[in-house]
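A.B. asks: Let me begin by handing over the structure; questions about it come next.
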Amino acid sequence: MKRLVFVALLALCAGLLFAGGSQGETAMAEKIELRYMMWDPQIIEKEQALAQKFHELNPNVSITVEGIAYAQFWEKIQAMAAAKTLPDVFWMAVDRVKDNQRMGALLDLQPYVDKLDKSNYFESVFNVLRAPNANGDMYAFPYAWVVCIFYYNMRLFDEAGLQYPPEKWTWDEMRNLAIKLTKDIDGDGNADQWGYWVKGRYTHTWSYVYNNGAQMVSDDFKRCLLDEGKGKEAMKFLADLVIKDKVSPTPAQTKGVSTFFTTGKIAMCTEGSWRIDTYRKSLADPFGITYLPLGPGSGGKYDSFGWPDSYAISAYTKHPDESWAWTEYMAGPGRPVDSVLGGKVSIWKKSALSDAWAEKNMLPENKDLVLKAGALIGKNVTFAPGWPEWSDQIAASDFDKILLGEGDFDTVMAEMTEKIDKVLARY
Amino acid sequence: MAIKNLLGSTRFEKYVAPYIFILPMLVGLFVFRLGPVVWSFLLSFQKYNPFQGGAWIGLQNYKELLQDKDFHQVFFNTLKFTLMYLPLGVISSLILAVLVNNKLKGIVIFRAIYFLPVISAVAAVGTIWAWLLNPLFGLVNYLIKAVFGIIGPEWLGSPKTALFTLVLVNIWLTMGYAMVIFLAGLQGVPQELLDAAWVDGAGKVKRFFRIVLPLLSPTTFFVIIITIIRSFQIFDLVYIMTAPAAGEGGAVGGPANSTNVLVISIFLNAFSFYRMGYGAAQAYVLFLMVAFITFFQFRFQKRWVHYQ
Amino acid sequence: MISTRRKIKIFLGHSLHYLILTAIALTILVPFTWMLSTSLKGRGVLQEIPPRLIPEKFHWSNYKDVLLKYHFLRYSLNSIYVALMTGIGQLFTCSLAGFAFARLKFWGRDVLFALLLATMMIPLQVMIIPEFLIMMGLGWIDHPLFLALIVPSWLAGSFGTFMLRQFFMTVPTDLEDAGRIDGCTIFGIYWRIFLPLSLPSLATLFIFGVMSSWNDLLRPILYLSSQKRMTLTIGLAAFSRQYEVNENLKMAGSLFTLLPLLILYAFAQKYFVQGITLSGLKG
């Protein structure tokens, strides 16, 4: 009898142990391994440390971090996709989100995003990652963002006895300043100092299109709008700065020097906010930042051109919840404040608004302008599908043709638009 | 004993032995090369992306190529590049090989120096040359101004000079390669033939053109074929020297598409534009071109290549 | 006795020769001097205008960082292993096949040779995905013995086969006949006569095999995923980041990377000299 009771008690205890604990136990028992791929092998140790921290918070999830050099990243992703072995979480480039979504590579993150407390994040940036268009769901999640701003070399302004550019100003005012700041110092007939630097690259050209109240591509992504109206006006303004007003060096002259502003020979330029880092290190002169000048077609409204660095999750990952947990962690509370400094801004408001980011003891003095510009990030049309082809390859090549004097503005713009239309027609 | 007889038998030697010789190579060829070649050929008739696979579209890619003006430019850029590079490259390597084919003191050091560019990482060397050829601040234009007093050309900055600049850098980069091949060939010229000719009164130059060059012709043939194939496939150097700088986002093969060659275009289409089928079609156009030229070379070789 | 006049003529000839050799050597060495100079520069000074040859401060620490912090020492072991295996393996396959194509008549010979050449004409970029799929199927991704990197070049060396075929076609037929008279089988002729004669070409092929493997980037990137297995080229590529390029480290890494190949080349040079003279056979 005693034995029976004893066994029964034992059974009861065992039953309680396993039954009561089983709810939590089963979830804990499953060991999950996530594969995470990024394109900066130099910081792989830091990322692995964060993966380790995440693992401590979620012991059943371990993350293998793989780093591939930036230029080869997409080749490897595509090879892995062909073999159906895409990593669970991987870095995503803003200009490829729509293409990848269209090909079914990415997981729809909207259900997860809807559950977030949006006040913790810079929501204006979210829209850039929607696919297939501005009303779509988010298919990538940002962890840091940048915005295009206007830089000026304080020493050159001081030497010329000119006032620094204000926050609200016009194209004409900018042009006039540029003319005053272009000088032929040694009298050999060639300019040695330029008022401005026109670069036929997206950070530059599209910023001006936006700030003239135009866009590069129609809302339905079917037509290129650069050969008409305010878009064309913006491109003409930039082209004339090089060809007519001659306040900027040509692409041939700046060939091989990627950040010409650091030479101290340029008074003003438009660049991404991440260049704050570069200029602090490589520019000998003090510099300041401000908003871009507004074009005549803008109607007084400022449209910031900005975009995020983001994470994407594979559409056929076996562990979507855990992949999201890792993404959310790295985009927010898990990411150390000092990993996103300089001209890049963390999407997590707390980090961005911290003193660490403010870097009050460093140039530029009004760094918070970057945050303000970020709030003004506008349209999502920016990264229309096929961007690497129409914006990087076609638009940049053809605009260079104009700047190099190899083709007449109207003819080349018409050709360029025709080519871009062909590309857009495919989507 | 029986095995030896079997192995030595003419029947075996004639019909079986050759296949044993080529067996390892055949295995590799079929497993690792032909499979991918056939796959990519079939790909050129499809609309393909790696995430979803391919959809058959017949000759559409090829039709598009015929009308694509940018592709025409790419095709001609590649042709121009090869036409400029082939003669200059082969001749300069041959000259180098002749210059170092002797027992002068320290010749080993010169041979090593000339081979340096070949073994260096193209990424590093390309960057340095782009830097040296910088129109405003580079060493080359600085020297040109100092020595000749004129402003140097815009090198990689102008669509007119960029392609030729790449030809020059590529020659610098690769002349050591063919030099070594020619050297091996030169070493194979029997000394007695040269001695006999000297006794007969032939000078160095005559010996070179009458004896050395003909004997060298199989090697020269090899070098020409390889140079053509490689020249059509040039990629790394062009990419390094014409790609936009970090964080810039711009066109490769610039300025204004003047250095956009076939493999650059294939690479962009395959990995940036997600149009691998179109890229494969371009690859096969490239293949047809090279195969055609090579076939011609093989036909033509009877006229000038001397085998034993 | 050579007359003094003749001695002077020889001296002048040699001097001119050295002059030309040196002039060419300078055009080669100048860029490398810049590489060296850049490799010793600090981070912010890279794109100084105007460029300065002698750095203000010599950052020897760049080399230390490259070797240790950026793992180049470990990577070099991997690169050496892969390159040597690739180089050696090719020698057998290519010489066997090259001999067959040059000297033997068999059914399908010309078609196969054409096929061989044809596979060299397709750019890697379109073939890399099916090649990747094959490697996945064989289970060779991230293989501890680096099979995905070594085996294809062992077995499918089109370049080497072509090169040795050309060379073997220059060997006089009398040698082959002499061998037959001596009672050699076809294998014997290959092993005893042709192979030793081709030493310079074999040495060249070895160097090329090692070199192409050493500087290969795409295949190691795709076929390796563990950090401990990565090669030098992968290490170098890491210096080209999204928004900046660490030029100084990249140059230091490149110079370190080319050192082993240079040593190998200098060492292998003596094999470029023909070892066996033909006169020995006449007697």
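A.B. asks: Return the total of residues in region A:389-406 being facing another protein chain (nearest Cβ under 8 Å) and either under 17 Å from A:F305 (Cβ atoms) or without any contact (Cβ under 8 Å) to a residue 12 or more places away in the chain (or both).
C.D. replies: Counting residues in region A:389-406 that are facing another protein chain (nearest Cβ under 8 Å) and either under 17 Å from A:F305 (Cβ atoms) or without any contact (Cβ under 8 Å) to a residue 12 or more places away in the chain (or both) gives 7.
A.B. asks: Now, a different point. What are the residues in region B:145-199 that are part of a helix (DSSP H, G or I), open to solvent by 30 Å² or more (accessible area, probe 1.4 Å), within 14 Å of chain A (Cβ to nearest Cβ) and in contact with a Lys or Arg (Cβ under 8 Å, 6 or more places away or on another chain), if any?
C.D. replies: Of everything in region B:145-199, just one residue is part of a helix (DSSP H, G or I), open to solvent by 30 Å² or more (accessible area, probe 1.4 Å), within 14 Å of chain A (Cβ to nearest Cβ) and in contact with a Lys or Arg (Cβ under 8 Å, 6 or more places away or on another chain), namely B:W155.
A.B. asks: Return the residues of region C:95-124 that are at the interface with another protein chain (Cβ under 7 Å from one of its Cβ atoms), touching a residue at least 60 places away in the same chain (Cβ under 8 Å) and either assigned to a helix (DSSP H, G or I) or among the polar types (S, T, N, Q) (or both); say none if nothing qualifies.
C.D. replies: Matches in region C:95-124: C:L96, C:A97, C:F99.
A.B. asks: Residues that are at pLDDT below 85, at least 1 per element: which helices (runs of 4 or more DSSP H) completely within region C:165-235 meet that?
C.D. replies: Hits in region C:165-235: C:173-181, C:199-214.
A.B. asks: Is there a residue being without any contact (Cβ under 8 Å) to a residue 60 or more places away in the chain and either more than 10 Å from chain B (Cβ to nearest Cβ) or of a type in the set (S, T, N, Q) (or both) anywhere in region C:224-236?
C.D. replies: No: region C:224-236 contains no residue that is without any contact (Cβ under 8 Å) to a residue 60 or more places away in the chain and either more than 10 Å from chain B (Cβ to nearest Cβ) or of a type in the set (S, T, N, Q) (or both).
A.B. asks: Pull out all pairs, ordered by first then second residue, where Cβ-Cβ is under 6 Å, the residues are six or more apart or on different chains, the first lies in region A:60-79 and is under 24 Å from C:L133 (Cβ atoms), and the second is of a type in the set (F, W, Y).
C.D. replies: Once the first residue is under 24 Å from C:L133 (Cβ atoms) and sits in region A:60-79, its partners that are of a type in the set (F, W, Y) give A:I68/A:W39; A:F73/A:W39; A:W74/B:F271; A:E75/B:F271; A:A79/C:F132.
A.B. asks: So A:K84 ticks every box in (1) in a helix (DSSP H, G or I); (2) in contact (Cβ under 8 Å) with a residue 40 or more places away in the chain but one. Which box is left unticked?
C.D. replies: With (1) in a helix (DSSP H, G or I); (2) in contact (Cβ under 8 Å) with a residue 40 or more places away in the chain applied to A:K84, the lone miss is (1).
A.B. asks: Can you pull out the residues in region C:29-43 that are of a type outside the set (D, E, K, R) and open to solvent by 60 Å² or more (accessible area, probe 1.4 Å)?
C.D. replies: C:L29, C:T33, C:L36 - these are the residues of region C:29-43 that are of a type outside the set (D, E, K, R) and open to solvent by 60 Å² or more (accessible area, probe 1.4 Å).
A.B. asks: Condition (residue is within 10 Å of chain A (Cβ to nearest Cβ) and under 17 Å from C:P123 (Cα atoms)) applied to region B:237-251: is it met by at least one residue?
C.D. replies: yes
A.B. asks: For the structure I just gave you, tell me whether A:G104 is surrounded by fewer than 16 Cβ atoms within 10 Å (Cβ to Cβ), within 30 Å of A:R175 (Cβ to Cβ) and modelled with pLDDT under 95.
C.D. replies: Answer is no for this residue.
A.B. asks: Could you pull out the residue among A:S391, A:S397 that is of a type outside the set (D, E), in contact with a Pro (Cβ under 8 Å, 6 or more places away or on another chain) and in a helix (DSSP H, G or I)?
C.D. replies: Going through A:S391, A:S397 in turn, just one is of a type outside the set (D, E), in contact with a Pro (Cβ under 8 Å, 6 or more places away or on another chain) and in a helix (DSSP H, G or I): A:S397.
A.B. asks: Ok, one more. Yes or no: C:A203 more than 9 Å from chain B (Cβ to nearest Cβ) and in contact with a helix residue (DSSP H, G or I) (Cβ under 6 Å, 6 or more places away or on another chain)?
C.D. replies: For C:A203, the condition - more than 9 Å from chain B (Cβ to nearest Cβ) and in contact with a helix residue (DSSP H, G or I) (Cβ under 6 Å, 6 or more places away or on another chain) - is not met.
A.B. asks: I need the full set of residues from region B:205-234 which are outside any helix (DSSP H, G or I) and either open to solvent by less than 30 Å² (accessible area, probe 1.4 Å) or outside the structural domain of B:F164 (by TED's automatic domain parsing) (or both), in order please.
C.D. replies: Passing the criteria: only B:I234.
A.B. asks: Could you list, in sequence order, all residues of region B:236-280 that are of a type outside the set (A, V, I, L, M, F, W, C) and assigned to a helix (DSSP H, G or I)?
C.D. replies: Answer for region B:236-280, where residues must be of a type outside the set (A, V, I, L, M, F, W, C) and assigned to a helix (DSSP H, G or I): B:D236, B:Y239, B:T242, B:S265, B:N269, B:S272, B:G277, B:Y278, B:G279.
A.B. asks: Taking into account only those residues within region A:55-66 that are open to solvent by 10 Å² or more (accessible area, probe 1.4 Å) and in contact with a strand residue (DSSP E or B) (Cβ under 9 Å, 6 or more places away or on another chain), which is nearest to the other protein chains (Cβ to nearest Cβ)?
C.D. replies: A:E66
A.B. asks: So B:K69 fits all but one of (1) within 14 Å of chain C (Cβ to nearest Cβ); (2) of a type in the set (K, R); (3) under 30 Å from A:A395 (Cα atoms); what number is the exception?
C.D. replies: (1)
A.B. asks: Looking at region C:50-67, can you tell me whether even one residue there is open to solvent by less than 20 Å² (accessible area, probe 1.4 Å), more than 14 Å from chain A (Cβ to nearest Cβ) and of a type in the set (S, T, Y)?
C.D. replies: No; the residues of region C:50-67 include none that is open to solvent by less than 20 Å² (accessible area, probe 1.4 Å), more than 14 Å from chain A (Cβ to nearest Cβ) and of a type in the set (S, T, Y).
A.B. asks: Taking A:G213 as meeting all but one of (1) touching an Asp or Glu at 6+ places or on another chain (Cβ under 9 Å); (2) part of a strand (DSSP E or B), write down the number of the exception.
C.D. replies: Unmet condition: (2).
A.B. asks: Quick check, is A:D220 open to solvent by 50 Å² or more (accessible area, probe 1.4 Å) and over 30 Å from A:A134 (Cα atoms)?
C.D. replies: No: the conditions fail for A:D220.
A.B. asks: Within region C:127-141, track down each residue that is at the interface with another protein chain (Cβ under 10 Å from one of its Cβ atoms) and either of a type in the set (S, T, N, Q) or not in a helix (DSSP H, G or I) (or both).
C.D. replies: C:I141
A.B. asks: Within region B:80-107, count every residue that is free of Cβ contacts under 8 Å to residues at least 60 places away in the same chain and within 24 Å of the chain's Cα centre (by Cα).
C.D. replies: Counting residues in region B:80-107 that are free of Cβ contacts under 8 Å to residues at least 60 places away in the same chain and within 24 Å of the chain's Cα centre (by Cα) gives 5.
A.B. asks: A further question follows. Going by the structure shown, is B:F81 modelled with pLDDT of 95 or more and either within 28 Å of C:W34 (Cβ to Cβ) or open to solvent by 30 Å² or more (accessible area, probe 1.4 Å) (or both)?
C.D. replies: In short, yes.
A.B. asks: State the number of residues belonging to region A:223-235 that are touching a residue at least 60 places away in the same chain (Cβ under 8 Å), open to solvent by less than 10 Å² (accessible area, probe 1.4 Å) and part of a helix (DSSP H, G or I).
C.D. replies: Of the residues in region A:223-235, 2 are touching a residue at least 60 places away in the same chain (Cβ under 8 Å), open to solvent by less than 10 Å² (accessible area, probe 1.4 Å) and part of a helix (DSSP H, G or I).
A.B. asks: Here is a check on your reading of the model: is A:F90 under 22 Å from A:V146 (Cα atoms), outside any helix (DSSP H, G or I) and at pLDDT 90 or above?
C.D. replies: yes
A.B. asks: Select from region C:157-178 the residues that are out of contact with any Ser or Thr (no Cβ under 9 Å at 6 or more places or on another chain), more than 7 Å from chain B (Cβ to nearest Cβ) and among the aliphatic types (A, V, I, L, M) and list them in ascending order.
C.D. replies: Those that are out of contact with any Ser or Thr (no Cβ under 9 Å at 6 or more places or on another chain), more than 7 Å from chain B (Cβ to nearest Cβ) and among the aliphatic types (A, V, I, L, M): C:L175, C:A178.
The values are calculated or read from the model by the stated rules, or taken from the named source; none is laboratory data. Quick caveat, the model's predicted, so the values are computed rather than measured. Quick reminder, even Gly has a Cβ in these numbers, built from the backbone with ideal geometry, and neighbours come from all protein chains shown. Heads up: the accessible areas ignore ligands, DNA and RNA and are worked out on the full protein's heavy atoms, side chains in. Shrake-Rupley method; radii C 1.70, N 1.55, O 1.52, S 1.80 Å.
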